[in-house]
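For reference, the structure discussed in these notes is given below.
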Amino acid sequence: DMLDPERLIQCPLVKHHWIRARRFPYHLVKCKESNPEIAKKLATCPFNARHLVPQADLSDHIMKCNDKAFVEQDVVSRSCESPQEQLNNGSTWQAPPCAEDWE
């Protein structure tokens, strides 16, 4: 159910706004612009930018945030790799050869 793009989510800025999950990120941007005074009082979760909480509650939210586990799991799995494996898992893109001769 959490992955359902049609489920309704309550806006953290204006409590009577109910937005479909697929539109939620766009709504947050517009709602912050329309309600700057409310937006100033909220802090953004470092693990999920869709989580806006009162600034005073941010540290408590960080301790309990469900998305924190995903970030921690990624950090742990990356730390188990050797530095060479980390380099190999990076981008393999190389610039194409340049046929231009400017001289």
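Nothing in this text is a laboratory measurement; each read-out follows from the coordinates by a stated rule. What you see is a predicted model, and the numbers here were worked out from it, not measured in a lab. Cβ sites come from the backbone with ideal geometry, for glycine too, and all protein chains shown count toward neighbours.
Okay, here's what the table says:
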read-out	value
Where N is the number of residues in region 1-40, Cα Rg divided by 2.2 N^0.38 Å	1.17
³J(HN,Hα) computed for each position of region 15-31 - Karplus, 6.51 cos²θ - 1.76 cosθ + 1.60, integer Hz, glycine/proline x	5, 8, 8, 10, 10, 5, 4, 5, 9, 4, x, 5, 4, 4, 4, 5, 5
Theoretical FRET efficiency, 1/(1+(r/R0)^6), r = Cβ-Cβ of His17 and Gln94, R0 35 Å, to 0.05	0.15
Net +/- balance of residues flanking Arg23 in space, Cβ distance below 12 Å, scoring K and R +1, D and E -1	+4
Lysines whose Cα lies under 19 Å from that of Lys30, excluding same-chain neighbours fewer than 8 positions away	Lys15, Lys40, Lys41
For peptides 30-37, 42-49, sequence by mean Cβ density within 10 Å, most packed first	42-49, 30-37
